[in-house]
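One structure below.
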Amino acid sequence: MVHIEVTQRKPSFLKEAVIQIGAGGSAGFVEACIMHPMDLIKTRFQLQVKMGSQDVLYYTGIRDCMNKMYNNEGIAAFWKGILPPIIMETPKRAVKFFSFEQYKKFFNSHMSKSMTFFCAGFLTGVTEAILVNPFEVVKIQMQSNRKHINDCPSTIAVTRHILYTQGFGLNGLNKGLSATIMRNAIFNAFYFGIYNTIIPRLDKKEYVPELLLKFAIGFISGTAASCMNIPFDVAKSRIQGPQDPIQYKGTLQTIYLVYQNEGFRALYKGLLPKILRLGPGGAIMLIVYDKMKAYLSIQFGD
């Protein structure tokens, strides 16, 4: 019997890049639209400085925050600052998944698989942060505004104001860059590291749908990553949010100030809404990415 060996031609780098970028961009767009309200609630908690304040707009919990936002700002307020994420999430997630695939190839021959995933994820976060930081500054400024949605300035107006008054540098649209880098690098290291380490080792059971399995592991990955990077997320929100007078400047200096003035627990402000956003959000993103990657691979296949 003659055995004929069939070799599959690997897709070109350009075709591979188009597939990864297209799938990553689609995943980011879907996740941003669905999970933005939780991101906004997380930011509101992180910007609260006075514990137990008597201010009528002080939020005591997620439900209280949602009720006050709905009553004082309107239903559309839950999507305040959505335009910067929509604009940035498509290229951001495209860069995220494309960078991860490329860094993974680079590290693959130098270290174990688990370390490859963690290191590739870390550098992916650094790359992602540099790209999206200006959009993050605009988003945080818009999310911190507690006026009714009809009285809030537009995305363009906020961007123009920051550029004219503070510039594009580290005091303007790129303020808090080091905090964004640390936040994203740590998140992606654990997010990609945990997911890609666990998935291949699981025995696929017939009675457990693959989609449900991936959602569960994606949820765990997003939750664990959120718990690891939350202090840097708090520092980022404080640096990029409104300050009068300015006291939060550097990442470690901000973490120390928050700890000194508000206690250790303050470094974990907004953790629950962050988990409620990035747990399911992380799962949604990985599932959409896998599905779109498979679809685009067929469409662009030879």
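Taken together, the values in this text are just the output of simple stated rules run on the coordinates, not laboratory data. From a predicted model like this one, the values you see are computed outputs, not experimental measurements. All Cβ positions, glycine included, derive from the backbone under ideal geometry; neighbour counts span all protein chains shown.
Annotations for the structure displayed:
- Flag for Ala189 being in contact (Cβ under 8 Å) with a residue 12 or more places away in the chain, touching a Lys or Arg at 6+ places or on another chain (Cβ under 7 Å) and either closer than 25 Å to Lys274 by Cα or in a helix (DSSP H, G or I) (or both): no
- Residue check, Gly74 crowded, with 20+ Cβ neighbours inside 10 Å, under 19 Å from Gln141 (Cα atoms) and not acidic (Asp, Glu): no
- For the range 123-153, residues that are within 23 Å of Gly270 (Cα to Cα) and not in a loop (DSSP other than H, G, I, E, B) total 17.
- Test: Ala94 is surrounded by fewer than 17 Cβ atoms within 10 Å (Cβ to Cβ) and either under 23 Å from the mean Cα position of the chain (by Cα) or under 15 Å from Asn145 (Cα atoms) (or both): no
- Flag for Ala120 being over 19 Å from Pro231 (Cα atoms) and either crowded, with 22+ Cβ neighbours inside 10 Å or touching a residue at least 12 places away in the same chain (Cβ under 8 Å) (or both): yes
- Pairs, first without any contact (Cβ under 8 Å) to a residue 60 or more places away in the chain and surrounded by 12 or more Cβ atoms within 10 Å (Cβ to Cβ) in the range 234-262, second not in a helix (DSSP H, G or I) and not β-branched (Val, Ile, Thr), C-beta under 7 Å, six or more apart: Leu257/Gln247; Leu257/Tyr248
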